[in-house]
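Have a look at the structure below, then the notes.
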Amino acid sequence: MRTSTTSAPERASGFTMIELLVGSAVMLVAVLGALFIYARSNKVSVEQQMVTEVQNDVRSSMFFLSRDLRMAGAGLPEEFSGYFIEGQDNEDQGGGEVLPDRVTIMGNIEDPLNLPLRDYNGSSANLTIEDFSFEQYSYPDAFYDNKFVLVLPNPESGCRAGEIRIITHVTHNAGGTNEKFNFSPGQAPGVNSPGGLSGTCGSPNDYDGGTVSFINVKGYWLDVTGNYPGLTAGINGYIGGGEGGVLYCTHNGVHFPMARNIENFQLEYNGDMNNDLVLDGWSPWNAAWTLPEIARIQQVRMWVLGRTDQAFTSVGGTVPGAIQTYRRPTLSNSPGAAADDKHKRYLLESTSNIRNMSLNLYNLGQR
């Protein structure tokens, strides 16, 4: 009888410790490489997103600013053109290197309305206009409710006091007679005309032949610190709370944040101040300008400078030396920074012709 023999059982298959260590090291290198690529890609994406936000903020603010400046004085009598615009140069908000400019404009900008006055006694609660005046416009009666209007005296009266009032409602007969504006008591709070136009004429006769118009008083200004003197966070649209770098448009007393990430806002003006039929050249706002000189301003040049919220750094979180070094530039008479801060900036410059003050701009000769 044959007997079979069996060999020793084969050794169980597996990885040695060395093989495990080598494989783990290779896998770790691959993971670290993928994380490095992701971190770099994410860093680039975040920085490009910051740049995109700054560009959008600057462009949108420049659009609204240039549009409204063109409309300064729209629909208002030419005799009051010295009150269409008022600037402020390098406003000190209580600390900080940047001293931004400010500009306030007035005009019948949004909705057209210009009606002659029939009877108005200064601060009275109602104003009578000529019969059939409301019929000149397609506005329903309810459209007038809570609208702001500017009541101006007759330009030939010599009085230069305009009242900004809030309409409660309008009344008139069915046939278009006995037409009146009814107002809330007193002038509109917190809304002051440029150039100190606000006030009431001494004689009721000054208003005979005057006008009443829808009015927009808009002020563009930059909140540098986020704690503007005299304003309270959450009141009338003001953000506050230490959030600076916000460009505001204050429209009839309400503050509308227009754009964040704004570092500087500067303006210059050009006009025929000496009335020699030649534009004098660009200049920051001069507080010594008289009303006739302000009435000759025909162009406004604007700079809006945006800055990224964070400095640009390397993947490791450190600021690279001599790479992408940026600093705040000099704009108009606002000095630039003395050192780099690694923030990327975006600057737009534009010029607006004030429509109602520059109709003969191209006939003045040298620009």
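The values are calculated or read from the model by the stated rules, or taken from the named source; none is laboratory data. As the structure is a prediction and not an experimental result, all values here were calculated from the model. Cβ placement follows ideal geometry from the backbone for every residue including glycine, while neighbour counts extend to all protein chains displayed.
Points worth noting:
- Members of the stretch 132-158 found to be of a type outside the set (Gly, Ala, Ser) and farther than 27 Å from His251 by Cβ, listed by number: Phe132, Glu135, Asn154, Glu156
- Test for Gly253: is it more than 19 Å from Glu53 (Cβ to Cβ), assigned by TED's automatic domain parsing to the domain that holds Glu97 and at pLDDT below 95: yes
- Selection of the stretch 231-272 for residues being under 18 Å from Ser352 (Cβ atoms) and more than 13 Å from the chain's Cα centre (by Cα) yields Glu268, Tyr269, Asn270, Gly271, Asp272.
- Every pair of residues 6+ apart whose Cβ atoms lie under 8 Å, when the first sits in the stretch 43-59 and is within 21 Å of Met302 (Cβ to Cβ) while the second is at pLDDT below 80: none
- Scanning the stretch 91-125 for residues that are polar (S, T, N, Q) and closer than 18 Å to Tyr269 by Cα returns a single hit, Thr104.
- Subset of the stretch 195-230 (residues that are under 17 Å from the mean Cα position of the chain (by Cα) and at negative phi): Asn216, Val217, Lys218, Gly219, Tyr220, Trp221, Leu222, Asp223, Val224, Thr225, Tyr228
- Condition check for Glu135: over 27 Å from Ser81 (Cα atoms), buried (at least 19 other Cβ atoms within 10 Å of the Cβ) and not assigned by TED's automatic domain parsing to the domain that holds Ile235: no
- Which numbered condition Met273 misses (of (1) crowded, with 20+ Cβ neighbours inside 10 Å; (2) over 30 Å from Asp340 (Cα atoms); (3) at pLDDT 90 or above): (3)
- Some residue of the stretch 60-83 being over 30 Å from Met273 (Cα atoms), at pLDDT 90 or above and either outside any strand (DSSP E or B) or out of contact with any Leu (no Cβ under 6 Å at 6 or more places or on another chain) (or both): yes
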